Every structure is written in structure tokens, then in C-alpha cells.
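Reading through the C-alpha cells given below for one structure.
The values are calculated or read from the model by the stated rules, or taken from the named source; none is laboratory data. Only a predicted model underlies this, so the values are computations on that prediction, with no experimental measurement involved. Heads up, the Cβs are rebuilt from the backbone with ideal geometry, glycines too, and the neighbour counts pull from every protein chain shown. These accessible areas exclude ligands, DNA and RNA; they are computed on the full protein's heavy atoms, side chains included. Shrake-Rupley method; radii C 1.70, N 1.55, O 1.52, S 1.80 Å.
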Amino acid sequence: MATRRHKEWQRLQQLLPAVLEYQKLATEHGINDIFQDNGGKILQMLFALDLQGLPGREGNDAVDADGVEYELKSVNIALTPNFSTHHHINPTILAKYKQVGWYFAVFQDIEMRRIYHVRTDELAAIFDQWERKKWHADGRKDINNPKIPLAFVMAHGTEVYEDGKPFDPSDAAKLRAARKRETARIKAEAEERAGRPPLLKTLRGPLGKR
């Protein structure tokens, strides 16, 4: 059965050759898929910091000319103000984290705005807290993706890259709120087109209590 194409299908096809060149460049630097695990953003970080990517998912992300390995983290501040880490944090992972350097890149969608270097000893206090107050307290269960706040990175890190444009994290918070409202509007319109009644908002006040 023939499938109807979206009206932007041809436009996408015209852009694909450039995307494939992007992937070819990324592959040369240890990134097999620019659409997974922030691969495209990692590539930008590698070039901005003059690092070489390390293939594979289990090791560290990059190495410099002196053989020092690094963890590279990125955040899209249009979506969240926190850096993700690892979905199975435990003492083994934390011990590895304490042996490498750390760079944190701040993106607005796919545009790299800032990169910060945070000393490992500054992060060690956070890692120790995760192990002591979470991993041991929860019966030695792996911690699912604890976050490192952008505010911490900016307060304790050294800026090593900036794009030359004004940067105010509070502007990103306003953008996140605006996008949340826009998403709600689009969903409501889709429900209306489908002939489904809009979801009732939760009642508040004395009459809304159960």
C-alpha cells in the first residue's frame, strides 16, 4: 500500500547529503551515530576543545594530545537546566568518574553556547554524596541518572568556550515555559481534530478535594 508523504519530504531529502557528510566526519572521530547519545553535539565539543573521540559506549568520551581522558556532558537548556550522567551509577562508575577530566557544554537546541571545565576534585564532593546518601541508603542499588545542575557547573567551572553572544540561563527558563505551553496547545488542537473532548483540568479548592 502506498504511503502518503509529508509535505516537507522533498525538503528533507535535499538536506540529507549534508547530514551524511556530517556523519562521515563524526565517524572519523569515533562517533558512529550523530543522532544517538548526543553524538552530533559531542562532535562539536571535540573540535572546540581539540580532543579525539573514543569509540564505544563503556569507556570515557575523549582523550587529549597528552593522553588525558575526559567525560563530555551536554545539556540543551531549552529543555532542562540539569546535566544527565549515567543510568546505573554505582561505586565502580563513580571511581572511574574521579579519574578523568570533565567538560560541560551548554547548548540551546543544537547551538553550542558555552563550555565549562570543572575540576574533578570539585565534582568528587557530589560523587561522594551520591554514594553515601543514595547508593548506600537505598540498599546498594544503582542510581538512575542523577543530575548535575547547570548552576553548579557555572559556579565551580572555568569557561573555556563561548559563542560571542549574550548568555543568561534565566532566558532559557522562560523559553522552556513557553515551549511547554505551545506543546499543550498543539496537543489540544490534535485532540479537537480527532473529535475527542479536551481533558478536564483537576479541580482545585474545597470542591476538588477527594
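Quick look at the numbers
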{"read-out": "Karplus 3J(HN,Hα) series, Hz, for segment 148-164 with 6.51 cos²θ - 1.76 cosθ + 1.60 (x for Gly, Pro)", "value": "10, x, 4, 4, 5, 4, 5, 6, 10, x, 10, 6, 10, 8, 8, 8, x"}
{"read-out": "Separation of alpha-carbon centers, segment 136-170 and segment 30-57, rounded to whole Å", "value": "19 Å"}
{"read-out": "Residue-normalised accessible area of the chain, expressed per residue, 1.4 Å probe, Å²", "value": "69 Å²"}
{"read-out": "Per-residue ³J(HN,Hα) for segment 72-79, Karplus 6.51 cos²θ - 1.76 cosθ + 1.60, θ = phi - 60°, Hz, x for Gly and Pro", "value": "10, 10, 9, 9, 9, 5, 6, 10"}
{"read-out": "Charge dipole magnitude, Cβ of K and R +1, D and E -1 - the chain, Cα centre, debye nearest 20", "value": "1820 debye"}
{"read-out": "Counting all C-alpha pairs of segment 1-111, share separated by more than 23 Å (%)", "value": "39 percent"}
{"read-out": "Heavy-atom accessible surface of the chain: percent carbon and sulfur, 1.4 Å", "value": "54 percent"}
